[in-house]
1. From Glu63, Glu37, Glu33, Glu76, grab the single residue that is within 17 Å of the chain's Cα centre (by Cα) and either at pLDDT 95 or above or over 18 Å from Leu105 (Cα atoms) (or both).
2. Here's a check for you: in segment 67-124, which residue that is touching a helix residue (DSSP H, G or I) at 6+ places or on another chain (Cβ under 8 Å), assigned to a helix (DSSP H, G or I) and small (Gly, Ala, Ser) is surrounded by the fewest Cβ atoms within 10 Å (Cβ to Cβ)?
3. Checking Glu80 against (1) within 23 Å of Pro116 (Cα to Cα); (2) free of Cβ contacts under 8 Å to residues at least 12 places away in the same chain; (3) acidic (Asp, Glu), only one condition comes out false. Which one?
Amino acid sequence: MQRAAQMQQRSLEKFLLDAAITGTPLLDDLPPELTDEMAALALVNDAGLWRVARQTLSSEKQEQLDTLLQKRGRGELRPEEQPVLDELLSEYEHVILARAHAAVLLKQRGYDVSDPSVVNKPAE
């Protein structure tokens, strides 16, 4: 933890206090592995949080997800495509959850995340 505090140019006390403050009860409803992952975001430096807040599915996965959702909407989804759709939806939901939590943490650290063009800027 000392190393992480140094990387963020914070005292260990400030680092631990910020990490404790950023815990959110909304995470209690998540599966344990996701709860741990989202809680760990509190320890990520600002640049890392911006990367998480701006992450997206790859264009290939997004295109595949869109195609499968359209097929499902038209009733044309084949049984063998359902597991692929389920996996892509799960990955999409994970990305959205991580982005949202990173944005909350950035806001708590004093950043203005209210402008979608700032958050939706391509990751660097």
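1. Working: Glu63 fails: within 17 Å of the chain's Cα centre (by Cα); Glu37 fails: either at pLDDT 95 or above or over 18 Å from Leu105 (Cα atoms) (or both); Glu76 fails: within 17 Å of the chain's Cα centre (by Cα).
So the residue among Glu63, Glu37, Glu33, Glu76 that is within 17 Å of the chain's Cα centre (by Cα) and either at pLDDT 95 or above or over 18 Å from Leu105 (Cα atoms) (or both) is Glu33.
2. Filtering first and then ranking leaves Ala98.
3. Result: Glu80 passes all but (1).
The values are calculated or read from the model by the stated rules, or taken from the named source; none is laboratory data. None of the values given here were measured: they were computed from a predicted structure. Virtual Cβ from ideal backbone geometry, glycine too; neighbours counted across all protein chains shown.
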